[in-house]
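Undergrad: This is the structure I want to talk about, given as structure tokens.
The values are calculated or read from the model by the stated rules, or taken from the named source; none is laboratory data. Since the structure is predicted, the reported quantities are computational estimates derived from the model, not experimental observations. Because the Cβ atoms are built from the backbone with ideal geometry, glycine has one as well, and the counts that use them run over all protein chains shown. The area values use the complete protein model at the heavy-atom level, side chains included, leaving out ligands, DNA and RNA. Shrake-Rupley method; radii C 1.70, N 1.55, O 1.52, S 1.80 Å.
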Amino acid sequence: PLTGSPAQVWGSSFLIAADRELVPDRLFAALNLSYDLGQARDQATGLSVDGSELALSAAMTRAVRFPYASR
């Protein structure tokens, strides 16, 4: 993309996402695992670049209720 020369590029992404209610209506957790892979080949030089990425992320959230809010 930096040179502007033509290239053949391909890639794919895989994702596993899970979430769970730990405390009913109060506490929630999520876990994500992703894997991205790809390859780019410069048509002018014939050079190719392989790339992949493995990522893990987690999150937790708590529901906040104000005393005057109705359910």
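Undergrad: How many residues are over 24 Å from the mean Cα position of the chain (by Cα) and at negative phi when one looks only at the range 1-43?
TA: Number of matching residues: 11.
Undergrad: Okay, moving on. Could you give me the residue pairs with C-beta distances under 8 Å whose first residue belongs to the range 7-22 and is under 26 Å from residue 40 (Cβ atoms) and open to solvent by 100 Å² or more (accessible area, probe 1.4 Å), whose second residue is among the acidic types (Asp, Glu) and modelled with pLDDT of 95 or more wherever it lies, and which are 6+ apart or on separate chains?
TA: Listed pairs, sorted by first residue: 14/36.
Undergrad: Provide a single number: the residues in the range 39-59 that are open to solvent by less than 80 Å² (accessible area, probe 1.4 Å) and either at pLDDT 95 or above or not in a loop (DSSP other than H, G, I, E, B) (or both).
TA: So the answer is 8.
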